[in-house]
Amino acid sequence: QVQLVESGGGLVQAGGSLRLSCAVSGISLRIFSMGWYRQAPGKQRELVASITGGGATFHADSVKGRFTISRDNAKNTVYLQMNGLKPEDTAVYYCNAHISVIDYWGQGTQVTVSS
């Protein structure tokens, strides 16, 4: 059974930092692609960053240079380090595992950035 458990969200001021964690069970991070998505109020869910089983990363233009996706294979955990947070980063952030044609999602963690 695949489970994704997210943590690390919270309330921060603009310019602050947070690190989101996604603890994964049931799959190997060395094999499958992982991603962080976010959904702001009234907007569609969007891809923020992703990392393949081989370690290749992608970051959306809106967060490039500020956010960094990484993983710890020993802990089977994916991270999203968020620096220089802006109010427009406010959203629910979701961890995603893409396994073949199936997507698994975490419960989401709220990130709120005050101006």
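Roughly how many percent of the accessible protein surface of the chain is carbon and sulfur, given a 1.4 Å probe and a whole-percent answer?
49 percent
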The size of the Cβ-based charge dipole (Lys, Arg +1; Asp, Glu -1) of the chain about the Cα centre, to the nearest 20 debye, is 140 debye
Would you list which aspartates and glutamates come within 16 Å of LYS43, measuring only between C-alpha atoms, while excluding same-chain residues fewer than 8 positions from it?
GLU88, ASP89
Residue among SER28, GLY8, GLY65 farthest towards the positive dipole end of the chain, charges placed on Cβ:
GLY65
Under 20 Å Cα to Cα from LYS75, which aspartates and glutamates show up? Leave out anything in the same chain fewer than 8 places away.
GLU6
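Rolling a 1.4 angstrom probe over the protein heavy atoms, how many square angstrom per residue are accessible across the chain? Walk me through the intermediate numbers first.
Details: 5980 Å² over 115 residues.
On a per-residue basis, the chain sits at 52 Å².
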Going by Cα centres, the stretch 56-115 and the stretch 20-37 are how many Å apart?
11 Å
The chain: most fluctuating residue of SER62, SER21, SER100 per GNM, C-alpha cutoff 10 Å:
SER100
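So, by mean Cβ neighbours within 10 angstrom, what's the order for 67-79, 39-51 with the highest one leading? Could you put the intermediate results ahead of the total?
Working: 67-79: 16.5, 39-51: 14.2.
Going by the mean number of other Cβ atoms within 10 Å, highest first, we get 67-79, 39-51.
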Candidate lysines for bridging to LYS64, where Cα separation is under 18 Å - those fewer than 8 sequence places away on the same chain excluded
LYS86
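The values are calculated or read from the model by the stated rules, or taken from the named source; none is laboratory data. Worth saying up front: this structure is predicted, and the values here are computed from it rather than measured. FYI the Cβ positions are ideal-geometry reconstructions off the backbone, even for glycines, and counts take in every protein chain you see. Side chains included, ligands, DNA and RNA excluded: accessible areas come from the protein's heavy atoms. Shrake-Rupley method; radii C 1.70, N 1.55, O 1.52, S 1.80 Å.
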